Amino acid sequence: MTSIDQAPAAATAHSPAAGAPLLELDSVACEYKLDGGGRFRAVNGVSLQLGRSEVLGLVGESGCGKSTLAKLICGLEKPADGTVTFDGHPVRALGLKKRAKELLGIQMVFQNPYASLNPRRRIRDQLDDALALNPDGGWTVESLLDAVDLPADSAQRYSHSFSGGQRQRIAIARALAAGPKVLVGDEPIASLDAFLQTRIARMMRDLAIDSGASMIFISHDLSVVRDIADRVAVMEAGRIVEVAPTDQIWNDPQHPYTKKLLAAIPKVDGKGIIPGSD
Amino acid sequence: MSIGTPKQPANAPITEAARRDPVDPGLKRWQIRFPKALRTPLGIVGAGILVLWLIAAIFAPLLAPFDALAQNFPRLSAPNGENLLGTDTLGRDVLTRILVAARTTLPAAVFVVICSALLGSVLGAIAGYFGRAVDEIIMRIADLVFAFPTIILAMVIAAALGPGLKNAIIAILLVSWPSYARVTRSLVMTARGSEYVIAGRLLGFSAGRSLAREIAPNVISPVVVLATLDVGSAILTMAGLSFLSLGAVPPTPDWGAMISEGVSQFAAWWIAFFPGLCILTIVMAFNFIGDSLRDTLDPHTAQEVGETTS
């Protein structure tokens, strides 16, 4: 297992997609009904492609539709328009029926680590549920916990004895255990302290790439995304305004909104540095 | 709005591991919690009374001094050396009849509560999970039952089915399930939107598996508490039906029926007083246990209980 210390620096090479893209969004839109009539278009005509073994960063300010887009990809929302295609299969909205087998390759890590684990079930049971989907993945509960730097005895515990960062790692382990081809991280680091954010983000990247999966990493934090993403999509008010390799976004942003986002990153100003950032 | 957090290196020291809990207190959650629930003062009293009653009910044939149906004694004699709690209008020993009646009342009450808790929570869980039309149909039926006072509706049903213990149980079952349905429905509705349930659905859980595996463990403790508290009211309702001659058929001994008989013999206070005392103690015991369980199973109060008792 690649340790986090050997995490590759921001990769610029766009991984070559073998033939058709793994995940393809074609002018997808999603609407929410508003109280008192009317509709709000949270996602509006988004077209995106995700190649194999590629990490796509999705950035944008709060409320711009990033999470809705993640839900659309997982089938948790029904698109008002357009299609989502995963590995040749159309992604259908998850109703009350069981999720279609061919779509189980899309797994998600949620934003809130305190809600994403079942408080009344042991960690082992929750990981076993995911392992059952992917018995040939070579994972065991112990190796999964080891991969996310948790002791093996964590398996016997309940989620309340873990901190937020630890819970998020368990959630990552669970998503990984299912053998996903696409791992969607819906702001998985947003509720963690600055110290942990990069660490968890790199861990997700390494684990996803090592297991041959692609990842969509949603964040409002450009600097973390720069660190782990091959390509970055910038979203504003439900639309994708710019998609480019990470370095290009960082060094030569085209869209004014991207420039605004980049300008908003706090800079070290000589008044001291944040611990651990040297 | 803040965009961007200063970049952190990946080789930051792992301080989080140091903060890890030493031993997981939740490791044996169920094994520890139930006895602990009875460690509150009221819980101990309740459990004590209940154990006494269980012993009395189990060993009633050995403990009872006489035959419950034999009319061997002077009618309406006050408590004395031979008939410790006196005799009734037909010259039967009150103590004997109380002990024998416990053998039908207690199992019947527990049985009816378990059945209505099961029925109500399954229906409530289905309503809460599937929503829409299913929810509307189940909950409107529940509202219909709620619209009548419990004892009145139970009376109507028992009267329609005819007197008898079995029919009284059916009547109580039919009027008591909606409260479980309501509680379970709201808990399931909250749980089904939570991320751990969605994560389970993303792993391909069916609705049934999602309900049984992910949601049930999180909603079961309030239902258990409600059921414990409900045993008392089930006993009361059953006694009420017997009082109205809609429960156990004479000459079968029954607490409610004994009180009913005592009402017409007001001077012979012992006929109604002692069965009434029995109902009081047993209802109190179940309420104490229920309160105690509620306090220990509710995360908000569990900590206080833990601090005061351990």
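For this structure, a couple of remarks:
- Computed log₁₀ I(q)/I(0) - Debye formula, equal Cα scatterers, no solvent, the range B:48-133, q 0.13, 0.15 Å⁻¹: -0.57, -0.66
- Straight-line cross-link reach from A:Lys33 at under 13 Å between alpha-carbon atoms covers these aspartates and glutamates, not counting any fewer than eight positions away in the same chain: A:Glu77.
- With θ taken as phi - 60° and the Karplus curve 6.51 cos²θ - 1.76 cosθ + 1.60 applied, the whole-hertz 3J(HN,Hα) list for the range B:153-167 is 5, 4, 4, 4, 5, 4, 5, 5, 7, x, x, x, 4, 4, 5 Hz, x standing for glycine and proline.
- Net charge dipole size for the range B:34-150 [Lys, Arg +1 and Asp, Glu -1 on Cβ; Debye, nearest 20]: 220 debye
- A viscosity of 1.002 mPa s and a temperature of 20 °C, combined with the Kirkwood radius over C-alpha pairs in the Stokes-Einstein formula, give the protein assembly as shown a diffusion coefficient of 76 µm²/s.
- Based on Cα contacts under 8 Å between residues 6+ apart, chain A shows a relative contact order of 26 percent.
- Within straight-line cross-link reach of B:Lys166, aspartates and glutamates at Cα separation under 20 Å, skipping those fewer than 8 residues along the same chain: B:Asp230, B:Asp254
- Rolling a 1.4 Å probe across all protein chains gives B:Cys278 an accessible area of roughly 10 Å².
- Shape analysis of the range A:137-278 yields a ratio of the Cα radius of gyration to the Kirkwood radius, Rg/Rh, of 1.01.
- Residue-normalised accessible area of the protein assembly as shown, expressed per residue, 1.4 Å probe, Å²: 44 Å²
- In a simple Cβ point-charge model (Lys, Arg +1; Asp, Glu -1; nothing else charged), the protein assembly as shown has a dipole of about 680 debye relative to its Cα centre.
- Percent of C-alpha pairs per 10 Å bin, the range A:28-148, short to long: 10, 33, 36, 18, 3, 0
- Here A:Met203 sits with roughly 10 square angstrom of accessible surface, probe radius 1.4 Å.
- Summed side-chain charge close to A:Ala178 - residues other than A:Ala178 whose Cβ falls under 13 Å, Lys, Arg +1, Asp, Glu -1: +2
- The B and A chains share an interface that buries close to 4900 Å² of accessible area, total over both sides, probe 1.4 Å.
- Distribution of pairwise C-alpha distances over the range B:197-294, 10 Å bins, in %: 15, 29, 20, 16, 11, 7, 2, 0
- Atom-type composition of the exposed protein surface of the range B:161-255 places 69 percent of the accessible area on carbon and sulfur (1.4 angstrom probe).
- Distant-in-sequence amide H partners of A:Met235 (H built 1.01 Å from N, under 5 Å): A:Val59, A:Gly60, A:Val241
- GNM top mover of A:Leu131, A:Leu262, A:Leu72 - chain A, alpha-carbon springs below 10 Å: A:Leu262
- Selected from A:Gly75, A:Gly45, A:Leu25, residue furthest toward positive end of dipole (the range A:21-82; charges at beta carbon): A:Gly75
- Taking the convex hull of the alpha carbon positions in the range B:77-195 and averaging its projected area over all directions gives 10.4 nm².
- Computed from the C-beta positions of A:Lys78 and A:Asp128 and an R0 of 22 Å, the FRET efficiency is 0.10 to the nearest 0.05.
- Karplus (6.51, -1.76, 1.60) ³J(HN,Hα), θ = phi - 60°, over the range B:263-279, in Hz, Gly and Pro reported as x: 4, 7, 10, 5, 5, 8, 4, 5, 5, 8, 4, 5, x, x, 4, 4, 4
- The value for chain A of Rg(Cα) / (2.2 N^0.38 Å) is 0.99.
The values are calculated or read from the model by the stated rules, or taken from the named source; none is laboratory data. Just so we're clear, the structure is a prediction, and the values are computed from it rather than from any experiment. Reconstructed Cβ throughout: ideal geometry from the backbone, glycine too, with neighbour counts over all protein chains shown. Side chains included, ligands, DNA and RNA excluded: accessible areas come from the protein's heavy atoms. Shrake-Rupley method; radii C 1.70, N 1.55, O 1.52, S 1.80 Å.
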